[in-house]
Amino acid sequence: MVLPIVTYGHPVLRQKGARIDRITPEITSLIADMLDTMRDAHGVGLAAQQIGRALQLTVIDVTGIEDRPSTLELDGQPAAPESIMPLVLINPEVKPLAEPVAGPEGCLSFPEIYFDVTRAERVAVTALNEKGETISFTCGGLLARAVQHETDHLNGVLFIDYLSKNAKAKLKGELDELVYLTQRELSQR
């Protein structure tokens with residue numbers, strides 16, 4: 001089921017997600033709905049906060065994106081990123097392994113807003129998957145960027161938090177309008 005995506009100005013986007021201790025039927029259903037929602041919105045990642053749930057849960061799928069390649073290592077060996085897609089990360093821990101690089105980002109909670117964000121080029125990830133099993137991998141490129149972006153969401157951090165004051169000032173009008181529209185929608189519920 002496709003769920004509504006909350007936009008900037010909704011308080012849940014600033015909430016740190018609660019840890020998930022076990023995979024319940026509700027969590028399994030939520031994962032399926034999040035995957036449907038991400039695909040419907042043509043996104044590469046979606047955090048639980050973006051559908052109004054403050055949980056340590058995100059889904060990612062970089063399949064088919066060729067203009068921004070991804071790398072993956074499983075057990076220290078190169079692997080095709082598509083081999084683990086779609087990716088479900090529960091309670092993820094992310095450790096940077098390389099120098100930060102700037103790259104373009106957007107966010108489903110910030111429609112039509114894009115800018116460069118500086119993040120580690122490669123990261124090590126440990127999390128639970130949709131079966132509650134521990135998974136560990138190293139990734140780079142777009143997959144590393146998506147993992148970091150979505151993990152930030154799980155901790156109440158938004159990609160606009162990486163903007164300089166000057167860059168944020170340039171987007172002020174768009175951000176203020178988004179907050180206004182989000183607050184208006186929330187007040188009508």
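The values are calculated or read from the model by the stated rules, or taken from the named source; none is laboratory data. Because the structure is predicted, anything quoted here is derived from the model rather than measured. Positions of Cβ are backbone-derived with ideal geometry, glycine not excepted, and every protein chain shown enters the neighbour counts.
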Review point. Hey, among E185, E133, which residue is more than 17 Å from Q49 (Cβ to Cβ) and surrounded by fewer than 17 Cβ atoms within 10 Å (Cβ to Cβ)?
Key: E133
Practice item. May I ask you to list the residues in segment 99-121 that are charged (D, E, K, R) and part of a strand (DSSP E or B)? Key: E105, E112, D116, R119
**Study point:** Any hit, segment 99-106, residues being touching a strand residue (DSSP E or B) at 6+ places or on another chain (Cβ under 7 Å), over 30 Å from E26 (Cβ atoms) and in contact (Cβ under 8 Å) with a residue 60 or more places away in the chain
**Key:** no
Exercise for review: Please identify the pairs in which a residue from segment 17-42 that is surrounded by fewer than 16 Cβ atoms within 10 Å (Cβ to Cβ) has its Cβ atom under 9 Å from the Cβ atom of a residue that is in a loop (DSSP other than H, G, I, E, B) and among the polar types (S, T, N, Q), counting only partners at least 6 apart or on another chain.
Suggested key: A18/Q56; R19/Q56
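To keep it simple, each residue is scored yes or no on (1) without any contact (Cβ under 8 Å) to a residue 60 or more places away in the chain; (2) within 19 Å of T7 (Cα to Cα); (3) charged (D, E, K, R); (4) assigned to a helix (DSSP H, G or I).
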{"residue": "V123", "(1), (2), (3), (4)": "yes, no, no, no"}
{"residue": "A127", "(1), (2), (3), (4)": "yes, no, no, no"}
{"residue": "G132", "(1), (2), (3), (4)": "no, no, no, no"}
{"residue": "T138", "(1), (2), (3), (4)": "no, no, no, no"}
{"residue": "D152", "(1), (2), (3), (4)": "yes, yes, yes, yes"}
{"residue": "D161", "(1), (2), (3), (4)": "yes, yes, yes, yes"}
{"residue": "K168", "(1), (2), (3), (4)": "yes, yes, yes, yes"}
**Study point:** Test: E82 is charged (D, E, K, R) and in a helix (DSSP H, G or I)
**Key:** yes
Practice item. Name every residue in segment 1-50 that is over 20 Å from G156 (Cα atoms), assigned to a loop (DSSP other than H, G, I, E, B) and of a type in the set (S, T, N, Q), in order of residue number. Key: T24
Exercise for review: May I ask you to list pairs of residues, at least six apart or on different chains, whose Cβ atoms are under 9 Å apart, with the first in segment 171-189 being in contact (Cβ under 8 Å) with a residue 12 or more places away in the chain and the second being surrounded by fewer than 14 Cβ atoms within 10 Å (Cβ to Cβ) and of a type in the set (V, I, T)?
Suggested key: none
Check your understanding: Tell me, which residue of segment 1-49 that is in contact with a helix residue (DSSP H, G or I) (Cβ under 8 Å, 6 or more places away or on another chain) and charged (D, E, K, R) is nearest to V59 (Cα to Cα)?
Key -> D33
Practice item. Tell me, please, whether a residue that is at pLDDT 95 or above, more than 28 Å from Y8 (Cα to Cα), among the aliphatic types (A, V, I, L, M) and in contact with a strand residue (DSSP E or B) (Cβ under 8 Å, 6 or more places away or on another chain) can be found in segment 135-149. Key: yes
